[in-house]
Amino acid sequence: MKRIGIIGVGEIGRAIVMGLRHGGDAAPEIFLSPRGARTAAELSERYEGVRVCADNQEVLDRSELVIIAVRRQDRQDALAGLRVGHDKIVVNVMAGVANDDLRRTLATDAPLVRAIPLPAIRERRSVTVVYPSHPEVGALFEELGGALPVADEAAFDVFSALTGTLTTHYTYLATLTSWAADRGIAADDADRYVRSLFQGVGRSLSDETRSLSRLAADHETPNGNNERIRTTWFTQANSEALKKALDGLLADLR
């Protein structure tokens, strides 16, 4: 793709632009909608080949592939009345908006592909779930860290629900830092140590020869500190509560 458009320039839109511009001379031209005007203007000033369009229709007209990244509740205002030619490729990154829903809004027979890009895509380190499989969309996300096609939208929604756990993880780390600070550790020291501790955990995830359960076991000594916290805090009831919360989110996404 030599010309890519983005309608809705929020955090994910910004991350996609940054990831694409890491392609250097081979990077495509990028056309941004005026939605998220401050971010769009910042990106166009920072990167050569990134332009802000007058409106969403211009984004579509100039692009071969357009990524729709507006908030679900804003989609009617942002997309109603747009003319989408059959020669375009539309990538839908709106959580909880099925392709059939988007096709009705756009009234187009152009190819529609759902995707779940994550913020790490800015560093080309994010595996992006896509449905349905599409060669150009798959190639795009492979360059940005990897593409993971799934069989149907039911499977896609399961992956979408998993992304809802990200801020829970950050809050867990913040709670560890707060606990240490409450016990006399300087907040900056606690923050630095917790970040270092879990950056190491993150690096270990790159070892795909070991399952997640195996990694957990390898980091745990029988009757040791890790086993104690796991068995007294992350109990079976805790695990079931998490699964129940994910089930509720999945039901809403569907």
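The values are calculated or read from the model by the stated rules, or taken from the named source; none is laboratory data. These numbers come from a predicted model, not from an experiment. Cβ atoms come from the backbone with ideal geometry, glycine included; neighbour counts cover every protein chain shown. The protein model used for the area step is the full one, side chains on, heavy atoms only, and it has no ligands, DNA or RNA in it. Shrake-Rupley method; radii C 1.70, N 1.55, O 1.52, S 1.80 Å.
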Go through Gly164, Gly145 for me and flag whichever is outside any helix (DSSP H, G or I), under 19 Å from Val127 (Cβ atoms) and touching a residue at least 60 places away in the same chain (Cβ under 8 Å). Gly145
Looking only at the range 38-65, count every residue that is small (Gly, Ala, Ser) and within 21 Å of the chain's Cα centre (by Cα) and tell me the total. 1
Right, Ile185: free of Cβ contacts under 8 Å to residues at least 12 places away in the same chain, outside any helix (DSSP H, G or I) and more than 21 Å from the chain's Cα centre (by Cα) or not? yes
Taking the range 86-108, which residues are part of a loop (DSSP other than H, G, I, E, B), in contact with a helix residue (DSSP H, G or I) (Cβ under 8 Å, 6 or more places away or on another chain) and more than 23 Å from Asp252 (Cβ to Cβ)? Lys88
Quick check on the range 192-205. Is at least one of its residues in a loop (DSSP other than H, G, I, E, B) and either more than 30 Å from Arg71 (Cβ to Cβ) or free of Cβ contacts under 8 Å to residues at least 24 places away in the same chain (or both)? yes
Can you give me the number of residues within the range 128-142 that are among the acidic types (Asp, Glu) and either in a strand (DSSP E or B) or within 18 Å of the chain's Cα centre (by Cα) (or both)? 1
With criteria (1) closer than 30 Å to Asp101 by Cα; (2) at pLDDT 90 or above, Arg254 comes up short on (2)
Arg71 vs (1) basic (Lys, Arg); (2) over 28 Å from Leu249 (Cβ atoms); (3) touching a Gly at 6+ places or on another chain (Cβ under 9 Å): all pass except (2)
Pick out the one residue from Val158, Val127 that is closer than 30 Å to Asn99 by Cβ, open to solvent by less than 70 Å² (accessible area, probe 1.4 Å) and not polar (S, T, N, Q). Val158
Number of positions in the range 206-224 that are within 21 Å of Thr177 (Cβ to Cβ) and under 25 Å from the mean Cα position of the chain (by Cα): 0
Is the range 105-112 home to any residue that is under 13 Å from the mean Cα position of the chain (by Cα) and of a type outside the set (D, E, K, R)? no
Any residue at all in the range 81-93 that's open to solvent by less than 10 Å² (accessible area, probe 1.4 Å), closer than 12 Å to Gly8 by Cβ and touching a Ser or Thr at 6+ places or on another chain (Cβ under 9 Å)? no
Residues of the range 144-173 satisfying the condition of being charged (D, E, K, R) and out of contact with any helix residue (DSSP H, G or I) (no Cβ under 8 Å at 6 or more places or on another chain): Asp152
Just to be sure, is Ala151 hydrophobic (A, V, I, L, M, F, W, C), under 29 Å from Asn92 (Cβ atoms), without any contact (Cβ under 8 Å) to a residue 40 or more places away in the chain and open to solvent by 80 Å² or more (accessible area, probe 1.4 Å)? yes
Residue under evaluation Asp191, criteria (1) surrounded by 13 or more Cβ atoms within 10 Å (Cβ to Cβ); (2) under 27 Å from Gly13 (Cβ atoms); (3) of a type in the set (Asp, Glu), criterion not met: (2)
